[in-house]
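The values are calculated or read from the model by the stated rules, or taken from the named source; none is laboratory data. Since we're looking at a predicted model, the values are computed, not measured. With ideal geometry, Cβ positions are generated from the backbone for all residues, glycine too; neighbour counts draw on all protein chains shown. Calculation scope for accessible area: heavy atoms of the full protein, side chains included, ligands and nucleic acids excluded. Shrake-Rupley method; radii C 1.70, N 1.55, O 1.52, S 1.80 Å.
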There are 2 protein chains.
Amino acid sequence: MQYYDPKTLSFLLSKVHHLDELLKHERYAAYDKESIDLLLEAVKDFSDTSLFPYIKEMDEKPSVFKDGRVTVHEQFGPILKKAGEMGLVGAFMDEKDGGVQLPITVFNALYFIMEAANNHVTGYMGLTAGSANLIVTFGSEEIKKKFVPKMLDLQWGGTMCLTEPQAGSSLSDITSSAKDLGDGSFSIKGQKIFISASDHQFADNFIHLVLARLEGAPAGTKGVSLFAVPQYRVNDDGSLGDYNHVDVVGEFEKLGQRGYCTNHLAFGDSGESIGYLVGDANKGLNYMFQMMNEARIATGRMGAGIASAAYYASLQYAKERPQGRKLQSSGKKDPSEEQTLIINHPDVKRMLLHQKAIVEGSLSLVMQCAYYIDKQLTTESNEKNNYHLLAEILTPIAKTYPSEAGKDAVDTGLQVLGGYGYMMDFILQQYYRDIRIISIYEGTTGIQSLDLLGRKVTMMEGAAMKLLAKEIEKVIAAAMQHDQLSGYALSLGENAKLIETCMTHLLPYAMQGNHERYLADATIFMDLFSTVVIGWQWLKMGLAAMAEDTAFKESKLHTLDYFYKYEMSRCRGLQKTICHDSDVIVNVGVEVF
Amino acid sequence: MQYYDPKTLSFLLSKVHHLDELLKHERYAAYDKESIDLLLEAVKDFSDTSLFPYIKEMDEKPSVFKDGRVTVHEQFGPILKKAGEMGLVGAFMDEKDGGVQLPITVFNALYFIMEAANNHVTGYMGLTAGSANLIVTFGSEEIKKKFVPKMLDLQWGGTMCLTEPQAGSSLSDITSSAKDLGDGSFSIKGQKIFISASDHQFADNFIHLVLARLEGAPAGTKGVSLFAVPQYRVNDDGSLGDYNHVDVVGEFEKLGQRGYCTNHLAFGDSGESIGYLVGDANKGLNYMFQMMNEARIATGRMGAGIASAAYYASLQYAKERPQGRKLQSSGKKDPSEEQTLIINHPDVKRMLLHQKAIVEGSLSLVMQCAYYIDKQLTTESNEKNNYHLLAEILTPIAKTYPSEAGKDAVDTGLQVLGGYGYMMDFILQQYYRDIRIISIYEGTTGIQSLDLLGRKVTMMEGAAMKLLAKEIEKVIAAAMQHDQLSGYALSLGENAKLIETCMTHLLPYAMQGNHERYLADATIFMDLFSTVVIGWQWLKMGLAAMAEDTAFKESKLHTLDYFYKYEMSRCRGLQKTICHDSDVIVNVGVEVF
C-alpha cells in the first residue's frame, strides 16, 4: 500500500521549501522538526488505516439521497470523529480563533497525504475549515462564538454556496435574496446547486456560507453579500433550535468522487431560512474570495494527491506484471527467454516518469504557494505584500496544473495497466473518474486562465510578474553553479522569456480595448506559463537534491531531466500558437460549427 | 439529435476520397452515387431510430453475467436483426462469399454513422464480419459453408480470441493448446480473456476464432495456429448439435462500453471443445493479422465516432446555455446586459474548434485508409502493392490518432459543460468513459507506436514511407496553387521534414543494434507522425472545400486554420524531444521510481 512518497514530501517541506526557516518565527514557536515529523507520521497512520482502505468502497457504495437527507458511507463516522479529535480541521488558524497555528505548508502536506489516500474525504474537512475561517475573519463575535467551535470539531459541517442554476460561474447573476428582518438577522431565499458536503448523517448541523443579494443592492457582483445560514437554528446556549428550512432537494450523481456528496439546496422554500450577514453588505464576493483562494490551492493539491495515488498504483502493477521480452541486438525477441516485468519496457518507463514528473512538480508548486502564504503570515516588513502577490499569481496555476496535467498523469497510469486499467476491479479507472472534477471545481481551467492572464499578470503594473521573475532568476543563478544543472537553468531562462514574448504580442490588443482578443488564448497561455513554473519547481528540487544521498538525488535528477526533455520542449510551440497573428478564435462565427 | 455531420461525411466520401473514381471499377458496378446516398440515408434512419435513443440506457443497464450466460440490453434484439437484414455485416465482402462488394470507404462511412450514434453496438457486427471474412479467406470450404452464412445474417456471432491471462499483448506466450483428433478436427483447451461480444441472448451460436498451439509447435509466434471453435457443434445439415464446451466463466466489468459485453472464456474445461484448423498450421498469427488490421482501422473509426457524438452534444449545450457576458472595450462586463450564450465565449469556441478539428481529421484519415484498401481491391497493375503499403503504414496511425486525440476531444467536450459535464444526467461523462478503451483495444498506443517506428517506416527499405511522402507532396503541390492554402502547404512540408530529421537521428541506434534506444520514444514519434498525417488530411479537405459553397468552405478553412495554428505547432517540440541526445528512458533503472 503506497499512495505517496513520505521521503519526497519531507524533502519538499524541509529542503525545497525551507520549513526550518519558517519555524524560527514566533508564530510557529510551538513546532520544531520533530513535532512536525510526528504529525506527518500520525496523519500517515490515520490515512493508512482509516482512509486508504475505504477509497474503492466509497466509490462502489456512494452517498445516497432519500427523503430529503443524504447518507454517506458509514466509515465517514469514525473518520470525521478522528479528524476532529486530531485537530486537523482548523489547524492552520490562529490559536485565538481555535486553531493551532500550524504552518500552512505543513497543513497542506497533511492534507496531501489524506487526499492521496482517499480523495473523497478531505472535502468534508476542508470546506468546514474554510467556512469557519471565513466567519472568524469577517463575521461578528456572536456568530463566531456560536458556530465556529463545533465546526472545528467536525460536529457540524460548513459549506460554500455560490452556484445557482441560472448563473453557473457567472456570480454577477446570483439571484438568491436576503431580506433584513431588523433584528440583526435576514431571511434568505434561493436555490444553490453543486453544494458539496452539504448534508450527511455524521454532523448535527451545517453552517452554509451563502452569497445572496440584499433588497435594493446594485446589479452585478457589487451587490452580493455573504450570509451564514445554519441548517438548524442555534440557541443562545449553543443548543440546536428549530429547523431552519435549508432543504436538501436533490443530490447530483457524479462521474467520480461518489463518496463525496454534492447537493442541490433550497433556502427559504419550505419555511423561513434565517441567516446572518458576514462582514459588510455588498462585499460578499470579496470575502468569499479568501475562501476561494484557499479552495483553489486545495483543489490543486487534491489533483496532485489523486495523481500520486494513481502513479503508485500503476507502479506497483508495472513491478509485478510479467509480459513480453526485451529486444535483442538483432531487433528480435527470444521466445525461450522468460517474460520480463513490464517496468523494463521503455514505453512503460516513459509513462511512469511522466506521472512522477507531474505528481512531484504539482506537489512542489502547491507547497510553494503555501510557503508564500506562510511568509506573508510571518513577515512584518513591506515584504509581506510581495509574498501576497506571489501567492496571488501562483494560485490559478496551482489550481490548474495539477488538475490538467494530473488528469493526464492518471490517464497514463491507467494505460500502464493495458486492458486491466479499464476494468472496474482495478482502481485506476476510479482515479480517472475522480480526478476529472478537479479542472472544474472552484473555477474551471478556462476561468483560472482568464484570472491569470486577465488579472494576475497585469495587476499593479505587473508587480506580481516581476516578483515571480526574480524568484525564477534566483533559482537559475544558483543552478548555474552546478555543472549537472546549468543546462536546465539555461533552458528555464529561455522558456521563461517566451512568456514575455507572449505578453509583448498580446498587450497591444488589451490597450486597444480588444480584450476578447487579448484573452482568447488564455488557456494556451496558462499551459505555457504553468509548464515554465513547474520547470522552475523541478530546478529547485534538483538544486535541493544535490545535497541528498545518491539514490535520492539520482531519482530527482532523472525526473528533472525527463521534465525538461519531454515537457519544457512544448513551450516554444505554445508560444508560437499564442503569438500567431490570425484571429482563429475570436472571429469564428457560430455557423462554422 | 445530432451525432455526426452528414454533409461532411458525404464531402469526405465524394470530394476528398474520390468515391466517383472508385465506382467506375467493375468491382463496384452495382453502385452509383444515388444508391450510395440511399444507403447512407437508410443507415442514418436506422441509427436515428434504433441506435442513438438507446446509447445512455445501454450504459445504465449494462450486460449481465449470470449462470454462465450473458444477457445484454433487450434493444440488441431488434438492432441485430435489422442489421442482419440490411446486410450490414459482411457488406464489404465479395459477392461469391455472401457479401455485396460495397466499397470499403462506404462500409466505413456506414459504420461511422452507427458508431457515432451508439458505440456499444457495432462491435457485435464488426467482430462477426471480421471472423466471417477470416474463415472465407483462409478456411476450408466445409467450415465456410457451415458457419459463414448464419454469421452474415447475425443469427450467429463471431469473435477473435487472442488474449490469455498470462500473456496479454505478448502473443508469443499463448499457451492454449490444440490436439489433432485425426478426423480433421482438433480438441482445444485454454483460457481466453477480454473476449468481446462472445455471448448474448440474441445469437443461437458463436464461432470463436482462437489462437492456440498444436502439439510440438515451435515456441513463440511461429507456433501459433488459428482455429474456428463453435459454441455449439454444427451438424452437417446446418442444424445445431451438442454444446461444444466453450464456457463463459466470467464477464469483465468495464469503465465504459458497458452495453458491449467482454468475457472470459474457457475452452475444453467442462468437456471437449472441438475446433477446426483455419488455413495452415503455425500460420495463425499471420491470418489473424488480416482481421487485426481491419479491426485497428475500425477501432480508430469508433474513436472518431464517439468523439463526433461528444462534439455535437457539447455544441448543442454551448448553443443553448446562457452564462456570463462579453467583455466591453473597457475590459469590464455590463451586468445590466442579458447573459450571452456560452458559445460566444472565446474559450468555448476554442474548445469546440479543437473537437471539430480532431473529429473531422480523424474521420478523414480513416476514410483515407479505406480508400487505399479500395484502390488495392480495384487496381490490377503493380500499383496494387503500393496501395497495400500505404494502408499498412497508415493503419497504426488510424488506430491511434482517433483514440488519443479523440479522448482529448471528448475530455474537451465534457469541459464545455462545466459542472454539468461531470454529472451522470448528461452524456458527456459516458463518452468520456466509452472512448477510454479505444487506445487499449487491438494493441495499445504503445504497441501501435512500436509497429509504426519499428516495422512500418522501415519495411522494404522505407518503401511505404516514400509512397506516403509522395502522397503528401502531391497535396502540398496542389495547395500551393491557392493563395488561401499555400501557407498551410509550406507548413505541412516543413513539419513533414521533421519526421525525416527524427529518422536520421534514430536510425543509427537501430543499425548499432540498440533497438531499445531506437524505439524508446516510439510513442512521441507516433504523436509527431500522426499530427503531420492529420495536417495532410486537413489540407486535402481544404483543397476539396475550395469548390464548395461559401459557408461550407469557410467552416472547413477555419477548422484547417485552427489545426495548423494549435496542433501543427506542436511538431517542432516533439521532434526536439525525439532528437535529444540524452537517454532519459532506456537508462532509467527501477530504483528511480
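Write out, first by first residue and then by second, each pair whose Cβ atoms fall under 6 Å of each other, whose residues are 6+ apart or on separate chains, and whose first residue, in the stretch A:562-580, is facing another protein chain (nearest Cβ under 8 Å) and under 11 Å from A:ASP521 (Cβ atoms) while the second is aromatic (Phe, Trp, Tyr) and open to solvent by 10 Å² or more (accessible area, probe 1.4 Å).
Matching pairs, first to second residue: A:THR577/B:TYR566.
Working only within the stretch B:327-346, note down all residues that are open to solvent by less than 70 Å² (accessible area, probe 1.4 Å) and not acidic (Asp, Glu).
So the first thing to find is which residues in the stretch B:327-346 are open to solvent by less than 70 Å² (accessible area, probe 1.4 Å), and the list is B:327-328, B:331, B:334-335, B:339-346.
Once the filter is applied, which keeps residues that are open to solvent by less than 70 Å² (accessible area, probe 1.4 Å) and not acidic (Asp, Glu), the stretch B:327-346 yields B:LEU327, B:GLN328, B:GLY331, B:PRO335, B:GLN339, B:THR340, B:LEU341, B:ILE342, B:ILE343, B:ASN344, B:HIS345, B:PRO346.
So for the stretch B:578-589 (the condition being at pLDDT 95 or above, aliphatic (A, V, I, L, M) and open to solvent by less than 20 Å² (accessible area, probe 1.4 Å)), does at least one residue qualify?
The answer is yes; a qualifying residue exists.
Tell me which of these B:LEU557 doesn't satisfy, since it passes every other one: (1) facing another protein chain (nearest Cβ under 7 Å); (2) at pLDDT 95 or above; (3) open to solvent by 10 Å² or more (accessible area, probe 1.4 Å).
Evaluating B:LEU557 over (1) facing another protein chain (nearest Cβ under 7 Å); (2) at pLDDT 95 or above; (3) open to solvent by 10 Å² or more (accessible area, probe 1.4 Å) leaves (1) as the failure.
Any idea how many residues of the stretch A:232-254 are under 27 Å from the mean Cα position of the chain (by Cα) and either in a loop (DSSP other than H, G, I, E, B) or under 21 Å from A:VAL148 (Cα atoms) (or both)?
Here is the first cut: in the stretch A:232-254, the ones under 27 Å from the mean Cα position of the chain (by Cα) are A:248, A:250-254.
Checking the rest, the ones that are also either in a loop (DSSP other than H, G, I, E, B) or under 21 Å from A:VAL148 (Cα atoms) (or both) come to A:252-253.
Summing the residues that are under 27 Å from the mean Cα position of the chain (by Cα) and either in a loop (DSSP other than H, G, I, E, B) or under 21 Å from A:VAL148 (Cα atoms) (or both) in the stretch A:232-254 gives 2.
Results for (1) open to solvent by 10 Å² or more (accessible area, probe 1.4 Å); (2) more than 14 Å from chain A (Cβ to nearest Cβ); (3) in contact with a Ser or Thr (Cβ under 7 Å, 6 or more places away or on another chain), shown as yes or no for each residue.
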position	(1), (2), (3)
B:GLU95	yes, yes, no
B:GLY98	yes, yes, no
B:GLN101	yes, yes, no
B:VAL106	no, yes, no
B:LEU110	no, yes, no
B:GLU115	no, yes, yes
B:LYS145	yes, yes, no
B:LEU154	yes, yes, yes
B:GLY158	no, yes, yes
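Being closer than 20 Å to B:ILE306 by Cα and either modelled with pLDDT under 95 or surrounded by 16 or more Cβ atoms within 10 Å (Cβ to Cβ) (or both) is the filter here, so list the residues in the stretch B:12-50 that pass it.
Listed by number, the residues that qualify are B:LEU12, B:LEU13, B:LEU40, B:VAL43, B:LYS44, B:PHE46, B:SER47, B:SER50.
Which residue pairs have Cβ atoms closer than 8 Å, lie 6 or more positions apart in sequence or on different chains, and pair a first residue in the stretch A:299-319 that is on the phi < 0 side of the Ramachandran plot with a second residue that is of a type in the set (Asp, Glu) and modelled with pLDDT under 95?
What qualifies is A:THR299/A:GLU442.
Determine if the stretch B:282-291 includes at least one residue that is part of a loop (DSSP other than H, G, I, E, B), within 13 Å of another protein chain (Cβ to nearest Cβ) and open to solvent by less than 40 Å² (accessible area, probe 1.4 Å).
Checked the stretch B:282-291: no residue is part of a loop (DSSP other than H, G, I, E, B), within 13 Å of another protein chain (Cβ to nearest Cβ) and open to solvent by less than 40 Å² (accessible area, probe 1.4 Å).
Kindly provide the set of residues from the stretch B:161-199 that are away from chain A (no Cβ under 14 Å), open to solvent by 10 Å² or more (accessible area, probe 1.4 Å), in contact with a strand residue (DSSP E or B) (Cβ under 8 Å, 6 or more places away or on another chain) and not small (Gly, Ala, Ser), ordered by number.
Selection gives B:LYS179, B:ASP180, B:LEU181, B:PHE186, B:LYS189, B:GLN191.
All but one of (1) more than 23 Å from the chain's Cα centre (by Cα); (2) free of Cβ contacts under 8 Å to residues at least 60 places away in the same chain; (3) open to solvent by less than 20 Å² (accessible area, probe 1.4 Å) hold for A:ASP549; state the number of the condition that does not hold.
(3)
What's the number of the only condition in (1) more than 21 Å from the chain's Cα centre (by Cα); (2) crowded, with 24+ Cβ neighbours inside 10 Å; (3) more than 8 Å from chain B (Cβ to nearest Cβ) that A:ALA307 fails to meet?
(1)
Only one of (1) away from chain B (no Cβ under 14 Å); (2) closer than 22 Å to A:ILE55 by Cα; (3) not acidic (Asp, Glu) is not met by A:GLN355, so which one is it?
Here A:GLN355 clears every test but (1).
Which one of B:TYR509, B:TYR488 is among the hydroxyl-bearing types (Ser, Thr, Tyr), open to solvent by 20 Å² or more (accessible area, probe 1.4 Å), within 14 Å of another protein chain (Cβ to nearest Cβ) and over 23 Å from B:PRO396 (Cα atoms)?
It is B:TYR488.
I'd like the full set of residues that are of a type in the set (Asp, Glu) and either facing chain B (nearest Cβ under 10 Å) or open to solvent by 10 Å² or more (accessible area, probe 1.4 Å) (or both), limited to the stretch A:429-454.
Result: A:GLU442, A:ASP451.
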